[in-house]
Amino acid sequence: MGSHDFFAFCTLLRPLELKALGELSQVRHLPAGEIIYRAGEASDSLFIINRGMVEIPPDPGRAVIGTYLSRGDIFGDVETLTELPRKNLVRACEPVSLRVFERESFPKILERVPSFFRYLSGQLAQRLLQATEAAILHSHCLELSGNLANFDLVTIYQTIVNSSQTGELSILDEDREMVAAFFFDGGVPRGGQFQHLIGEEAFWQLFLADDLRGTFTFFSGDARVSQSIQAGGLMRSSTEMLITALQARDEFQALRAEMPDGFATLQRQNPDLRLDDIPPGLHAVAQAIWKLPLVRMIPLDDLYKKLSVCEMKIYQAVHELTLTGQIVLASPTSFTQQVA
């Protein structure tokens, strides 16, 4: 899901326009493994993912590479707009919630929410640009580069994976400073670093970072371009890595929405940490947070810079610590009032 996803578009709409989109669409809930549509079927609706993940499996007979789509992504739009039969099979990887817009509702949507079709046009243009640039990489060119404003990370990652390339993906910020580097062996990620994180934690954070700006470059070859970047081992398959990262991203966004803003500070309520009610997988993170000098009132967002795990695990641990009454999250204003 990139910065141009459907839900980001919805934040720009007026209340009446949001109401119209709700009235002129339906929501479908499907279990994992359910086929949404098959190639050759009639196309009468487009889909937007509310929750979960869907897969477009590879089709070697048509040179179609596999793709995964998650929250905010659109599919089925090209065939529906052109009134052509479905080109691919699409199925749910996990339980999904889909918003469905039927073609017969398009005239009313155009009348009540004209910007919806401008948004769809922008999405189609974006995909065309990505497909054109991706073709360069599939030709086994030595280098592929672009701006993150024009490409989402899922597309970049899947292009490298599906081309079975060996080489290094590097990401630079707007000041041309190195942010991340990941090494791929035959299209499989094998090591990398994102800011101060290495290995899997770096990979998860790459997809959690919603403010990533700058450029990316993929260099083919065995030699690593960024010798200063540390490489942590990645052992899972490329598909498992992506699915886990996208699931973590959706869960992180939901969890962050439930918690105070990142300026909230942590305050201990007990002298000693109790781990009995904390999930075992979060014990190490909870202990690391507890050892920090919280007397300095560390803001929630600053924990990431001080710990060697991704933001998802930090928020999970803080959430558990608040649920068990061991810490409270206070706004800077309330803390200032307490001190005064």
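Read the figures in this text as sums done on the coordinates, not as results from a lab. These numbers come from a predicted model, not from an experiment. Positions of Cβ are generated from backbone atoms using ideal geometry, with glycine treated the same way; all protein chains shown enter the neighbour counts.
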Checking the cross-link filter: which aspartates and glutamates have an alpha carbon closer than 16 Å to that of Lys19, excluding same-chain neighbours under 8 positions apart? Glu111
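Mind checking the dipole of the chain: about its Cα centre, +1 per Lys or Arg Cβ, -1 per Asp or Glu Cβ, Debye to the nearest 20? Walk me through the intermediate numbers first.
On the way: 30 positive and 42 negative charges, 53 e Å.
In total the dipole reaches around 260 debye.
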What is the sum of charges, Lys and Arg at +1 and Asp and Glu at -1, for the other residues whose Cβ falls under 11 Å from the Cβ of Asp44? -3
Among the lysines, which fall within straight-line cross-link reach of Lys291, defined as a Cα-Cα distance under 23 Å, with same-chain neighbours fewer than 8 residues apart omitted? Lys305, Lys306, Lys313
When the helix-only estimate is applied to the chain (DSSP H runs of n ≥ 4, each -39,500 (n - 2.57), divided by the residue count), what is the mean residue ellipticity at 222 nm, nearest 500 deg cm²/dmol? -11000 deg cm²/dmol
What order, most packed first, do the peptides 312-325, 163-176 have when packing is the mean number of other Cβ atoms within 10 Å of each residue? 312-325, 163-176
Evaluate the charge dipole of the stretch 259-339 about its Cα centre and quote only its size in Debye, nearest 20, assuming +1 on the Cβ of each Lys and Arg and -1 on the Cβ of each Asp and Glu. 260
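In cubic angstrom, how much convex hull volume per residue do the alpha carbon atoms of the stretch 140-253 span?
On the way: hull volume 10.8 nm³, N = 114.
Considering the Cα atoms of the stretch 140-253, their hull volume per residue is 95 Å³.
What's the Cα-based Rg to Rh of the stretch 6-123, Rh via Kirkwood?
Working: Rg = 14.3 Å, Rh = 14.8 Å.
Taking Rh as the inverse mean 1/r over Cα pairs, Rg/Rh reads 0.97.
Is there a quick way to get the dipole size of the stretch 6-123? I mean about its Cα centre, with the Cβ of Lys and Arg at +1 and of Asp and Glu at -1; what is the value in debye to the nearest 20?
On the way: 15 positive and 15 negative charges, 51 e Å.
That gives a dipole near 240 debye.
To one decimal place, what Kirkwood hydrodynamic radius in Å is obtained for the stretch 259-339 from all pairs of distinct Cα atoms? The partial results should precede the final answer.
Working: mean 1/r = 0.0787 Å⁻¹.
One decimal place: 12.7 Å for the Kirkwood radius.
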Label Gln26 and Asn150 with points 7 Å out from Cα along Cα→Cβ: what is the distance between them in nm? 4.0
Which of the peptides 244-256, 179-191, 260-272 is most tightly packed, and how do the rest follow, judged by the mean count of other Cβ atoms within 10 Å per residue? 179-191, 244-256, 260-272
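Which peptide among 206-216, 5-15 comes first, and what is the full order, when sorted by highest mean count of other Cβ atoms within 10 Å?
On the way: 206-216: 17.9, 5-15: 13.4.
Most protected by this proxy first, the peptides run 206-216, 5-15.
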Given the candidates Gly191, Leu242, Thr166, the one whose Cα lies deepest towards the positive end of the charge dipole of the stretch 140-253, counting +1 at each Lys or Arg C-beta and -1 at each Asp or Glu C-beta, is Thr166
